[in-house]
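Visitor: A single structure is presented below for examination.
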Amino acid sequence: MSDELEELYQQVILDHSKRPRNRGEIPGGVHVQGDNPSCGDEIMLSVKFGPAGEVEDIKFTGSGCAISQASASLMTMKLKGKSREEALRLAGAFHTLITSDTPVDTTGLGDVVLLKGVRKFPQRVKCASLAWRAFEQATGDGTKATTE
Ligand code: ZN
């Protein structure tokens, strides 16, 4: 990454890890506990799906490293209000973005693309993908997600 991008990446991660957006729990929502034991990251994701399966509301609580918490915060901002298909497409695009060089359509991911810097660090990939894995679980039966 260029120095400028590197700086932006640091800023976004710092900002979201210090002031996470959409923090909390949704009563009556689908809850998924995600953890990444290799780093000690934990995420409790709450998702409320609308009648057509759209992401009506999404919140998280948890603790862990800056990347895991920033990624969760960014994710909730991007997925809120999206249709189920679009949300899953974004989750898939994010996973491709941080794990491979395969070109991928990142439309809708916004600032999230800055997290692609973790690609060089396999341990950090688990941190960054934790919340997204939890979301994918939530669209299924809402059980347990792990990036181990
Ligand atoms: Zn971590």
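The values are calculated or read from the model by the stated rules, or taken from the named source; none is laboratory data. Keep in mind the model is a prediction, meaning the values are calculated, not measured. Cβ coordinates were reconstructed from backbone atoms using ideal geometry, including for glycine residues, and neighbour counts include every protein chain displayed. Surface accessibility is based on the protein's heavy atoms, side chains included, excluding ligands, DNA and RNA. Shrake-Rupley method; radii C 1.70, N 1.55, O 1.52, S 1.80 Å.
Visitor: I need the strands (runs of 3 or more DSSP E) fully contained in segment 6-71, keeping only those with at least 1 residues that are over 24 Å from GLU85 (Cα atoms) and charged (D, E, K, R).
Guide: Numbers: elements: 30-36, 41-49, 55-63.
Because the criterion is at least 1 residues that are over 24 Å from GLU85 (Cα atoms) and charged (D, E, K, R), the strands (runs of 3 or more DSSP E) in segment 6-71 that meet it are 30-36, 41-49.
Visitor: To continue, here is another question. Hey, can you tell me all the residues within segment 124-140 that are touching a helix residue (DSSP H, G or I) at 6+ places or on another chain (Cβ under 6 Å) and open to solvent by 60 Å² or more (accessible area, probe 1.4 Å)?
Guide: ARG124 - this is the single residue of segment 124-140 that is touching a helix residue (DSSP H, G or I) at 6+ places or on another chain (Cβ under 6 Å) and open to solvent by 60 Å² or more (accessible area, probe 1.4 Å).
Visitor: If you don't mind, another one. May I ask you to list the residues in segment 105-118 that are part of a loop (DSSP other than H, G, I, E, B) and open to solvent by less than 50 Å² (accessible area, probe 1.4 Å)? Give the steps one after another, and end with the answer.
Guide: Within segment 105-118, the first condition is being part of a loop (DSSP other than H, G, I, E, B), and the residues that meet it are 105-109.
Within segment 105-118, THR106, GLY108, LEU109 meet the criteria.
Visitor: I'd like to check something: does segment 19-38 contain any residue that is within 16 Å of the ligand (Cβ to nearest atom), open to solvent by less than 70 Å² (accessible area, probe 1.4 Å) and of a type in the set (A, V, I, L, M, F, W, C)? Explain how you work it out, then say what you get.
Guide: The initial filter retains those residues of segment 19-38 that are within 16 Å of the ligand (Cβ to nearest atom), namely 20, 33-38.
Still in the running and open to solvent by less than 70 Å² (accessible area, probe 1.4 Å): 20, 33-36, 38.
Now restrict to residues that are of a type in the set (A, V, I, L, M, F, W, C): none.
Among the residues of segment 19-38, not one is within 16 Å of the ligand (Cβ to nearest atom), open to solvent by less than 70 Å² (accessible area, probe 1.4 Å) and of a type in the set (A, V, I, L, M, F, W, C), which makes the answer no.
Visitor: Something else about it: More than 13 Å from the chain's Cα centre (by Cα) and crowded, with 17+ Cβ neighbours inside 10 Å: which single residue out of PHE49, PHE94, PHE121, PHE60 fits that description? Steps first, please.
Guide: On the way: PHE94 fails: more than 13 Å from the chain's Cα centre (by Cα); PHE121 fails: crowded, with 17+ Cβ neighbours inside 10 Å; PHE60 fails: more than 13 Å from the chain's Cα centre (by Cα).
Sole residue among the options that is more than 13 Å from the chain's Cα centre (by Cα) and crowded, with 17+ Cβ neighbours inside 10 Å: PHE49.
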